[in-house]
1. For the chain, take the longest principal axis of its alpha carbons; what is the angle in degrees between that and the long axis of helix 131-144, to the nearest 10 within 0 to 90?
2. Just grab the label-to-label distance for PHE85 and ASP126, each label 7 Å out from Cα along the Cβ direction, in nm (one decimal).
3. Got a number for carbon plus sulfur as a percent of the chain's accessible area, 1.4 Å probe?
4. If I build a Gaussian network model for the chain, linking alpha-carbon pairs within less than 10 angstrom, which residue out of GLY217, GLY35, GLY239 has the largest mean-square fluctuation?
5. What FRET efficiency, computed as 1/(1 + (r/R0)^6) with R0 = 35 Å and r the Cβ-Cβ distance, is obtained for ARG218 and ASN143, rounded to the nearest 0.05?
6. At a Förster distance of 45 Å, what's the computed FRET efficiency of ASP96 paired with ASP255, Cβ-Cβ distance as r, to 0.05?
7. If you average the C-alpha positions of the stretch 43-115 and of the stretch 146-179 separately, how far apart do those two centres end up, in angstrom?
8. Sum -39500 (n - 2.57) across every DSSP H segment of at least 4 residues in the chain, then divide by the residue count to get the 222 nm mean residue ellipticity, nearest 500.
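The values are calculated or read from the model by the stated rules, or taken from the named source; none is laboratory data. Values in this document were obtained by computation on a predicted structure and should not be read as measured data. Ideal geometry is used to build each Cβ from the backbone, glycine not excepted, and the neighbour counts take in all protein chains shown. Just so you know, the surface numbers come from the protein's heavy atoms only, side chains and all, with ligands and any DNA or RNA stripped out. Shrake-Rupley method; radii C 1.70, N 1.55, O 1.52, S 1.80 Å.
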Amino acid sequence: MFIRVGYEIVIESKAETVLILALSPHSSIDGRIIGAPGVQTEPELPLEEFLDSFGNRLTRLRAPVGRLKLWSDCIVEVDGKPDEFNWNAQQEDVGDLPPETLQFLTASRYCDSDALAPEALRLFGDTPPGWARVQAICNHVHNQLTFGYGFGRPTKTASEAQREKTGVCRDFAHLSIAMCRAMNIPARYASGYLGDVGVPYSGPGDFCAWFEAWLGGRWYTFDARYNTPRIGRVLMVRGRDAADGAMITSFGAYDLKEFRVWTDEVPGTPSDAAMNDMLKTRPKTEALTLAPTD
């Protein structure tokens, strides 16, 4: 399956501002990518691209005074399968976990699992360890939080989302991650593109956050906001929480003027030439009316 993904983001700066952008497909993607997956700018600017410790593709630039358009438009090959479900995946003892997973067991900037530990034990202490426990956490978060862009803020932690019962995509992910970690299950933040493939139209496009839990010797994708397997995720960033994969990290002030994201299935199996022709014209998509926070 081929998914066309991209964005147009327009910002306005009153002074020259250094930006670090997490706006490219993740380095782990092994399918074909046709088009311009990296950050493009109008006007054209010098760009420095590098990988961080989580394999995220980051771009550093100096935004000039005035308006700057950031954009990307490409077609990515994905397997076309829904998120994998494995009810038999087991939770591992902490003493047996691979060392590289241990950083995803402890509290982080937004996933304050230490503050949530008593509540997690009360809610999930009697659930069977393994997939059933993670699914119980997803069910709780899905039912606990009401989604809305007006509920998001850049400082909101998992415990605050639990208390306020509201949030955006990243809050659903953060609360799930924190509850998993409180129950000794490694969990990490993930974000990227997720369109309406195989489901009804849900409104203007946006980036989406979900999480991954370590069970049975591997990472599995979970999504407490939708709480059902989805098709066509295109990963952009991973990390301990959203602080490790912020869409735009700014070392100066700017105003967000426009924000459009598209994630659309490409019908059939077009040739590379046909896909390149398709990419000559940007898709007409709705813009979000509020600045995204997830």
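1. The angle comes out near 70 degrees.
2. If labels sit at PHE85 and ASP126, their model points lie 2.5 nm apart.
3. Within the chain, the accessible surface is 51 percent carbon and sulfur.
4. GLY217
5. The value I calculate is 0.80.
6. Computed FRET efficiency for ASP96 and ASP255: 0.35.
7. Here the answer is 18 Å between Cα centres.
8. -5500 deg cm²/dmol
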